[in-house]
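**Student:** Sharing a structure here in structure tokens format.
The values are calculated or read from the model by the stated rules, or taken from the named source; none is laboratory data. Since this is a predicted model, take the numbers as computed values, not measurements. Counting neighbours? That spans all protein chains shown, and the Cβs are built from the backbone with ideal geometry, glycine included. Heavy atoms of the whole protein, side chains included, go into the accessibility calculation; ligands, DNA and RNA do not. Shrake-Rupley method; radii C 1.70, N 1.55, O 1.52, S 1.80 Å.
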Amino acid sequence: MRVGVVGASGYSGAVAARLVESHPRLTLAFATSDKLASESVAAHLGLVGHSADTRFVSNASALDHADACDAVLLATAANVSMRLAPAFAERGRTVVDLSGAFRLDAAAYPRWYGFEHALPAWLGRAHYGLPELFGPAPSGALVANPGCFPTAALLALGPLVRAGLVEPAGIVVDAKSGVTGAGRQSGDAYSFVAIDGDVRAYRVLAHQHTPEITRALGRLATGVQLTFTAHLLPVARGLLATCYARPRAGASAARVAECLQAAYAQAPFVRVVPPDEVRLSQVVGTNLAFVGASADEDVVVAVGAIDNLLKGAAGQAVQNLNLMNGWDETLGLAHLQRVSP
């Protein structure tokens, strides 16, 4: 299957291109980047065995290469994906969008993304691509790949909300991500000196993943209301979300752990462990998610950890492509190894 990657010089796009090229049933058809246009894809992305003659093409020319691919991964800004995704889909191409362009209702975009959604009819055609909770996308669907923070929070919380073990209102998600979660940044705020040894919250009460998590949990229970706060960690990659909810009757420590075990018994990328064993070191470099939960009479605490560039972005995009084609969902992803010992 020939796959194009649009935005292949960003962190998620570069990882996506490498995953495509190493996949046994995928081949990299083209890669776009304005910064690297006309330069060697193999040299910049470290693709072993890929033709040195393949060059980056400009982002603006992406649609000109639609005939060269069967599927496209869009690692572009939401306002760019909003127009590119339907254009590729109308040409019969499978589309997995890594941005937030198709994750919300149309009315939410001005507040959370700063633009009016120009193609609201496509929002109803998009499949939210978190397969462990919402199943594989149907053939021909436009896949809205979930955000990194929502992936970790939803995998930890989703089964508990669905089972009615927690109150859907009053949920708090406190999450922390490595610097790559913010994308490539050149400002002083993201320099080594500014980041090293520091932790800070950002986009407080204004983060676009707030309505995404709320909307996805709202598919599992009514009356969902939550507070989400993102923090930046002084590490390159990895994401950990700690979620707090009020327990309902029956939500014991044993019951919430059993709920997660049952939900992910057949999920090859989700590992259920005690919550204090959910760590970045278990997931960075892999497409795995580690989740765990416990409870007492006052609170349920659910914790989830992922690699923000893999299960939180490019790895999940390839997982969705696998499922859409009827392949084993681990294809091209099972060889990934965690970075730490």
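**Student:** Name all residues of the range 53-95 having a backbone nitrogen under 16 Å from the label point set 7 Å from the Cα of A106 along its Cα→Cβ direction, giving them as ranges.
**Tutor:** 82-83, 86
**Student:** Over the range 91-242, what is the relative contact order in percent, taking alpha-carbon pairs closer than 8 angstrom and at least six residues apart?
**Tutor:** 28
**Student:** Averaging over all projection directions, find the projected area of the Cα convex hull of the range 267-339 and quote it in nm² with one decimal place.
**Tutor:** 5.3
**Student:** So, in nm, how far is label R125 from label R162 when the simple model puts each one 7 Å beyond its Cα toward the Cβ?
**Tutor:** Label at R125, label at R162, 2.7 nm between them.
**Student:** Turning to a different aspect of this structure: Any idea what angle helix 253-263 forms with the longest principal axis of the chain, computed on alpha-carbon atoms, 0 to 90 degrees, nearest 10?
**Tutor:** The angle comes out near 30 degrees.
**Student:** Kindly provide the helix-only [θ] at 222 nm of the chain, computed as the sum of -39,500 (n - 2.57) over DSSP H runs of four or more divided by all residues, to the nearest 500 deg cm²/dmol?
**Tutor:** Calculated from helices alone, the mean residue ellipticity at 222 nm is -7000 deg cm²/dmol.
**Student:** Given the options A156, A305, A108, state which has the largest fluctuation in a GNM of the chain using a 10 Å cut-off (strictly under) for Cα springs.
**Tutor:** A108
**Student:** Quick one: if the Förster radius is 30 Å, what FRET efficiency do R2 and V339 give, using the C-beta to C-beta distance and rounding to 0.05?
**Tutor:** 0.50
**Student:** Taking the chain as a Gaussian network, where each spring joins two C-alpha atoms under 10 Å apart, which residue of L217, L260, L331 fluctuates the most?
**Tutor:** Of L217, L260, L331, the most mobile in the Gaussian network model is L331.
**Student:** Return the single residue from V270, V57, V204 with maximal mean-square fluctuation; model: Gaussian network over the chain, springs between Cα atoms under 10 Å.
**Tutor:** Maximum among the listed residues: V204.
**Student:** Of the options L260, A245, N287, report the single residue whose Cα projects farthest towards the positive end of the charge dipole of the range 208-341 (beta-carbon charges: Lys, Arg +1; Asp, Glu -1).
**Tutor:** N287
**Student:** Let me ask another. List the trypsin sites (Lys or Arg not before Pro) within the range 67-111 that fall in a DSSP loop (any state other than H, G, I, E or B) and whose Cβ has at most 14 other Cβ atoms within 10 Å.
**Tutor:** R91
**Student:** Quick one: work out Rg over Rh on the C-alpha atoms of the range 81-163, Rh as Kirkwood radius. If you can, show how the numbers build up before the last one.
**Tutor:** Working: Rg = 13.3 Å, Rh = 13.5 Å.
My calculation of the ratio gives 0.98.
**Student:** A follow-up question, please. Spin-label point model (7 Å from Cα, Cβ direction): what's the V273 to A77 distance in nm?
**Tutor:** It works out to 3.8 nm between the two label points.
**Student:** Ignoring any ligand, DNA or RNA, what whole percent of the accessible area of the chain comes from carbon and sulfur when the probe is 1.4 angstrom?
**Tutor:** Roughly 51 percent of what the probe reaches on the chain is carbon or sulfur.
**Student:** If you take the square roots of the eigenvalues of the alpha-carbon gyration tensor of the range 49-108 and sort them as a ≥ b ≥ c, do you get rounded (a/c under 1.5), prolate (a/b over b/c) or oblate?
**Tutor:** Prolate shape, in that a/c is at least 1.5 and a/b is the bigger ratio.
**Student:** Ignoring GluC sites (Glu not before Pro) that are buried or in helix or strand per DSSP, and keeping those with at most 13 other beta carbon atoms within 10 Å, what is the longest stretch of the chain between them? Write down the numbers at each step before the final one.
**Tutor:** Values: sites that count: E39, E116, E297.
So the longest stretch without any such site is 117-296.
**Student:** Measure nothing fancy, just the Cα-based angle from helix 78-90's long axis to the longest principal axis of the chain, in degrees from 0 to 90, nearest 10.
**Tutor:** Helix 78-90 sits roughly 70 degrees off the main axis of the chain.
**Student:** Right, next: Taking N as the number of residues in the range 1-145, what is its Cα Rg relative to 2.2 N^0.38 Å?
**Tutor:** 1.03
**Student:** Is the shape of the range 150-304 best called rounded, prolate or oblate, per the rule: a/c under 1.5 gives rounded, else a/b larger than b/c gives prolate, else oblate, with a ≥ b ≥ c the square roots of the Cα gyration tensor eigenvalues? Don't skip to the end; give the middle numbers.
**Tutor:** Values: a/c = 2.14, a/b = 1.58, b/c = 1.35.
Since a/c reaches 1.5 and a/b is larger than b/c, the shape of the range 150-304 is classed as prolate.
**Student:** Can you give the local net charge around P146? Use residues other than it whose beta-carbon is closer than 12 angstrom to its beta-carbon, Lys and Arg +1, Asp and Glu -1.
**Tutor:** Spelling it out: positives minus negatives among the neighbours equals 0.
**Student:** Okay, moving on. In whole Å, what are the Cα extents of the range 92-240 along the three principal axes, biggest one first?
**Tutor:** Answer, in whole Å and largest first: 46, 41, 26 Å.
**Student:** Here is a further query. Which part of the range 143-158 falls in the paramagnetic zone of R246, meaning amide N under 20 Å from the point 7 Å along Cα-to-beta-carbon?
**Tutor:** Of the residues in the range 143-158, 157-158 have backbone N under 20 Å from the label point off R246.
**Student:** Which parts of the range 64-92 would a label at E116 reach, counting a residue when its backbone N lies under 19 Å from a point 7 Å out along Cα-to-Cβ?
**Tutor:** 78-84
**Student:** May I ask for the equivalent-ellipsoid semi-axes of the chain, computed as the square root of five times each C-alpha gyration tensor eigenvalue and listed largest first in whole Å?
**Tutor:** Working from the Cα gyration tensor, I get semi-axes of 32, 21, 20 Å.
**Student:** While we're looking at this one, here's another question. Roughly how many whole Å is it from the C-alpha centroid of the range 317-341 to that of the range 1-57?
**Tutor:** Cα centroid of the range 317-341 versus Cα centroid of the range 1-57: 18 Å apart.
**Student:** Would you mind working out the accessible area per residue for the chain, using a 1.4 Å probe, and quoting it in Å²? Spell out each step's value before the answer.
**Tutor:** Numbers: 13720 Å² over 341 residues.
Roughly 40 Å² per residue, with all protein chains present.
**Student:** Explain nothing, just the number: dipole magnitude of the range 1-125 about its Cα centre with +1 on each Lys and Arg Cβ and -1 on each Asp and Glu Cβ, in debye rounded to the nearest 20.
**Tutor:** 220
**Student:** For the range 169-259, what ratio Rg/Rh do Cα atoms give with a Kirkwood hydrodynamic radius?
**Tutor:** We get a ratio of 1.07 for the range 169-259.
**Student:** Turning to a different aspect of this structure: Relative contact order (percent) for the chain, with alpha-carbon contacts under 8 angstrom and 6 or more residues of separation?
**Tutor:** Details: 786 pairs, mean separation 58.7, N = 341.
Computed value for the chain: 17 percent relative contact order.
**Student:** Then there is this: Choose one of A66, T27, A43: the residue whose Cα lies farthest towards the positive end of the charge dipole of the range 25-71 (beta-carbon charges +1 Lys, Arg; -1 Asp, Glu; about the Cα centre).
**Tutor:** A43
**Student:** Could you let me know the centre-to-centre spacing of the range 120-176 and the range 226-249, using Cα atoms, in angstrom?
**Tutor:** The range 120-176 and the range 226-249 have Cα centres separated by 15 Å.
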